[in-house]
Amino acid sequence: MNNPYLPQAYKILEIRKETAIDYTFKVAFQGNVIGGQFMEISIPGVGEAPISICNFDKTSLEMTIRRVGRLTDKIFNLQAGDSLFMRGPYGNGFDTNIFKNKDVAFIAGGTGLAPIRKTIDHFMTGIDETKILEVLVGFKSPSDRLFIDDLDRWSKFGNVTVTVDKGDDTWQGETGLITTHIGKLDLSNVKEKIAVVVGPPIMMKFTTLELIKNGFKEENIWVSFERKMSCGIGKCGHCKIDETYICLDGPVFNYIKAKTLID
Ligand SMILES: Cc1cc2nc3c(=O)[nH]c(=O)nc-3n(C[C@H](O)[C@H](O)[C@H](O)COP(=O)(O)OP(=O)(O)OC[C@H]3O[C@@H](n4cnc5c(N)ncnc54)[C@H](O)[C@@H]3O)c2cc1C
Ligand code: FES
């Protein structure tokens, strides 16, 4: 019988430094992936953690990993050519049909940009069309910015706002929390506009409240959770809130459901 917990070794093709503590790992991988899904990555004898897939094509996938603890410390010692143990992809991911021919605002805080990167790219590169496409992303400081090249490229196709909590001597862009920029989104058709919000829990809470205050309908808001998980496949109950398994039913939820998932 197949053991669903058994990871397989995949070759690391490339490692890109995004910031001092965030590296993007490109790994050889063939299989079906949906933007917003995650992998369980591991090092035998060290540990396992869920990591969002931020990019993929027919032969590879990419994950942007923040160095925060036991496993990610060890992962940062790996080099291109080494093996990374993974199982997945897991979770529901984003249904791109929701966004087609709509005004859409993708709103991310910090590493929250990783799970929506591929879905934003899908629309920015014209694979499917939205009407007005906006990206609003906030980082702590200029040196915490992720996917700088992508943000630059996307700004040629849609309205991209990058804000930092605190600038430095060279920063000439926007400052202030994401919530202070919500009112500057194109709200001309706000009752029909879709918003996707991903980031730390406190950012998601206040951003969704601000969206609703500005006229967004709850059913048009989508979020993705990064709740503590273990098995990732609906077996251990670690991520369960009431009857909902975040790992199986999510991590992407409509706000109507998401607002009930508070523990
Ligand atoms: C669906 C999903 C998607 C995710 N996607 C990503 C992603 O794309 N990129 C990414 O980088 N992360 C992502 N995460 C988060 C990632 O899984 C966690 O950060 C994971 O715990 C890292 O494992 P670790 O062993 O390196 O860290 P751990 O050692 O488990 O530490 C995790 C956190 O706990 C803290 N901690 C550790 N030990 C202690 C202690 N003794 N006392 C107090 N605090 C402590 C650490 O400072 C750190 O903040 C995702 C999580 C989920 C659920
Ligand atoms: S993580 Fe085990 S049931 Fe969701």
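Select, from Met63, Met86, the only residue that is within 16 Å of ligand 1 (Cβ to nearest atom), open to solvent by less than 10 Å² (accessible area, probe 1.4 Å), more than 29 Å from Pro142 (Cα to Cα) and not charged (D, E, K, R).
Only one candidate qualifies: Met86.
Among the residues of the stretch 114-133, how many are assigned to a helix (DSSP H, G or I) and over 16 Å from Glu62 (Cβ atoms)?
Total satisfying the criteria: 2.
I'd like to verify a number: residues in the stretch 44-65 that are touching a residue at least 40 places away in the same chain (Cβ under 8 Å) and either under 23 Å from Gly234 (Cβ atoms) or not β-branched (Val, Ile, Thr) (or both), how many?
Here the count works out to 10.
Would you please list the contacts, defined by Cβ atoms under 8 Å and residues six or more apart or on different chains, that run from a residue in the stretch 92-105 that is assigned to a strand (DSSP E or B) to a residue that is of a type in the set (A, V, I, L, M) and surrounded by fewer than 22 Cβ atoms within 10 Å (Cβ to Cβ)?
Val104/Ile132; Val104/Leu133; Val104/Ile194; Ala105/Leu185; Ala105/Ile194
If I go through the stretch 1-32 residue by residue, how many of them are touching a residue at least 40 places away in the same chain (Cβ under 8 Å) and closer than 30 Å to Lys140 by Cα?
Result for the stretch 1-32: 13.
Can you tell me which of Lys228, Lys213, Lys205 is within 16 Å of ligand 2 (Cβ to nearest atom), open to solvent by 80 Å² or more (accessible area, probe 1.4 Å) and under 29 Å from Ile262 (Cα atoms)?
Lys228 is the lone residue from the list that is within 16 Å of ligand 2 (Cβ to nearest atom), open to solvent by 80 Å² or more (accessible area, probe 1.4 Å) and under 29 Å from Ile262 (Cα atoms).
Which one of the conditions (1) over 14 Å from the mean Cα position of the chain (by Cα); (2) farther than 26 Å from Ile194 by Cα does Lys100 fail to meet, given that it meets all the rest?
(2)
Is it the case, given these coordinates, that Leu248 is within 16 Å of ligand 2 (Cβ to nearest atom) and open to solvent by 30 Å² or more (accessible area, probe 1.4 Å)?
So Leu248 passes the test.
One line per residue, one yes/no per condition, for (1) in contact with a Lys or Arg (Cβ under 9 Å, 6 or more places away or on another chain); (2) within 15 Å of ligand 1 (Cβ to nearest atom); (3) closer than 16 Å to Asn254 by Cα:
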{"position": "Gln172", "(1), (2), (3)": "no, no, no"}
{"position": "Thr175", "(1), (2), (3)": "yes, no, no"}
{"position": "Thr179", "(1), (2), (3)": "no, no, no"}
{"position": "Val198", "(1), (2), (3)": "no, yes, yes"}
{"position": "Thr208", "(1), (2), (3)": "yes, no, yes"}
{"position": "Ile212", "(1), (2), (3)": "no, no, yes"}
{"position": "Glu219", "(1), (2), (3)": "no, no, yes"}
{"position": "Ser224", "(1), (2), (3)": "no, yes, yes"}
{"position": "Gly232", "(1), (2), (3)": "yes, yes, no"}
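Farther than 22 Å from Val198 by Cα, within 16 Å of ligand 2 (Cβ to nearest atom), free of Cβ contacts under 8 Å to residues at least 24 places away in the same chain and open to solvent by 20 Å² or more (accessible area, probe 1.4 Å): is that true of Asn77 in this structure?
no
Filter the stretch 13-70 for residues that are among the hydrophobic types (A, V, I, L, M, F, W, C), touching a helix residue (DSSP H, G or I) at 6+ places or on another chain (Cβ under 8 Å) and either over 23 Å from Ile120 (Cβ atoms) or within 16 Å of ligand 2 (Cβ to nearest atom) (or both) and give the result.
Residues satisfying the conditions are Ala20, Phe38, Ile41, Ile43, Val46, Ala49.
Do we find a residue being assigned to a loop (DSSP other than H, G, I, E, B) and more than 18 Å from the chain's Cα centre (by Cα) anywhere in the stretch 47-61?
Yes, the stretch 47-61 contains a residue that is assigned to a loop (DSSP other than H, G, I, E, B) and more than 18 Å from the chain's Cα centre (by Cα).
Residues of the stretch 1-28 being more than 18 Å from Ala114 (Cα to Cα), buried (at least 17 other Cβ atoms within 10 Å of the Cβ) and among the hydrophobic types (A, V, I, L, M, F, W, C), which ones?
Listed by number, the list holds a single entry, Ile12.
Please verify whether the stretch 234-254 includes one or more residues that are at pLDDT below 95 and away from ligand 1 (no atom under 16 Å from the Cβ).
Looking for residues that are at pLDDT below 95 and away from ligand 1 (no atom under 16 Å from the Cβ), one finds at least one in the stretch 234-254, hence yes.
Going by the structure shown, is Val190 in a strand (DSSP E or B) and closer than 24 Å to Thr96 by Cα?
Considered against the rule, which asks whether it is in a strand (DSSP E or B) and closer than 24 Å to Thr96 by Cα, Val190 comes out as no.
The values are calculated or read from the model by the stated rules, or taken from the named source; none is laboratory data. Remember, it's a predicted structure, so these values are computed and weren't measured experimentally. Reconstructed Cβ throughout: ideal geometry from the backbone, glycine too, with neighbour counts over all protein chains shown. All accessible areas refer to the heavy atoms of the entire protein, side chains included, with ligands and DNA or RNA removed. Shrake-Rupley method; radii C 1.70, N 1.55, O 1.52, S 1.80 Å.
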